[in-house]
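To start, the structure under review is shown below, and the notes come after it.
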Amino acid sequence: MAMPLGLVRRELSCERYRIDLRCPGSDVILIESANYGRTDNHICDSDPSKMENVHCYLPETFKIMSQRCNNRTQCVVVAGDEVFKDPCPGTYKFLEVQYECVPYSK
């Protein structure tokens, strides 16, 4: 059964873990929004001192994820400083991505 168009999927991965985006059949990924940082003190528990900064954003996350994942049926990215610049050293971060699965078009 095909997924209804416009269904936004949300994936989350803690720092140093991989995020796995995938679409069914021949549908492809379209990144809607993405952030690598910390915006919440409950997600991805860590040492409390590493969770204090909840205003940590990396504006380039959307561009990086779009370049890596758009128009692919599957995409795996590790949430870490190898892929993303560290927007807040000393803070335990997570990667949050919202995406849709859409029909492929050239």
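The values are calculated or read from the model by the stated rules, or taken from the named source; none is laboratory data. Only a predicted model underlies this, so the values are computations on that prediction, with no experimental measurement involved. All Cβ positions, glycine included, derive from the backbone under ideal geometry; neighbour counts span all protein chains shown.
Pick from segment 25-42 the residues that are surrounded by fewer than 15 Cβ atoms within 10 Å (Cβ to Cβ) and without any contact (Cβ under 8 Å) to a residue 60 or more places away in the chain: which of them is nearest to the chain's Cα centre (by Cα)?
Selected residue: Thr39.
Scan segment 52-67 for residues that are of a type in the set (A, V, I, L, M, F, W, C) and out of contact with any Phe, Trp or Tyr (no Cβ under 7 Å at 6 or more places or on another chain) and jot them down. Before the answer, list the steps.
Of the residues in segment 52-67, the ones of a type in the set (A, V, I, L, M, F, W, C) are 54, 56, 58, 62, 64-65.
Scanning segment 52-67 gives Val54, Cys56, Phe62, Met65.
Taking the criterion of being at pLDDT 95 or above, within 26 Å of Tyr104 (Cβ to Cβ) and in a loop (DSSP other than H, G, I, E, B), would at least one residue in segment 48-62 satisfy it?
So far as segment 48-62 goes, yes, one or more of its residues are at pLDDT 95 or above, within 26 Å of Tyr104 (Cβ to Cβ) and in a loop (DSSP other than H, G, I, E, B).
Looking only at residues in segment 1-40 that are part of a loop (DSSP other than H, G, I, E, B), closer than 21 Å to Val78 by Cα and out of contact with any Gly (no Cβ under 8 Å at 6 or more places or on another chain), which one is modelled with the lowest pLDDT?
Ranking the qualifying residues of segment 1-40, first place goes to Asp40.
Report every pair of residues separated by at least 6 positions or lying on different chains whose Cβ atoms are under 8 Å apart, first residue within segment 79-94 and outside any loop (DSSP other than H, G, I, E, B), second of a type outside the set (Ser, Thr, Tyr).
As it stands, the answer is Phe94/Leu12; Phe94/Cys14; Phe94/Glu15; Phe94/Gly37; Phe94/Arg38; Phe94/Ile43; Phe94/Cys44; Phe94/Ala79, since those pairs meet every condition given.
May I ask you to say which residue of Val97, Val83, Val77 is at pLDDT 95 or above, touching a Lys or Arg at 6+ places or on another chain (Cβ under 9 Å), within 19 Å of Arg16 (Cβ to Cβ) and surrounded by fewer than 19 Cβ atoms within 10 Å (Cβ to Cβ)?
On the way: Val97 fails: surrounded by fewer than 19 Cβ atoms within 10 Å (Cβ to Cβ); Val77 fails: surrounded by fewer than 19 Cβ atoms within 10 Å (Cβ to Cβ).
So the residue among Val97, Val83, Val77 that is at pLDDT 95 or above, touching a Lys or Arg at 6+ places or on another chain (Cβ under 9 Å), within 19 Å of Arg16 (Cβ to Cβ) and surrounded by fewer than 19 Cβ atoms within 10 Å (Cβ to Cβ) is Val83.
Go through segment 20-56 residue by residue and tally those that are among the hydrophobic types (A, V, I, L, M, F, W, C) and closer than 16 Å to Cys101 by Cα.
Residues in segment 20-56 being among the hydrophobic types (A, V, I, L, M, F, W, C) and closer than 16 Å to Cys101 by Cα: 7 in total.
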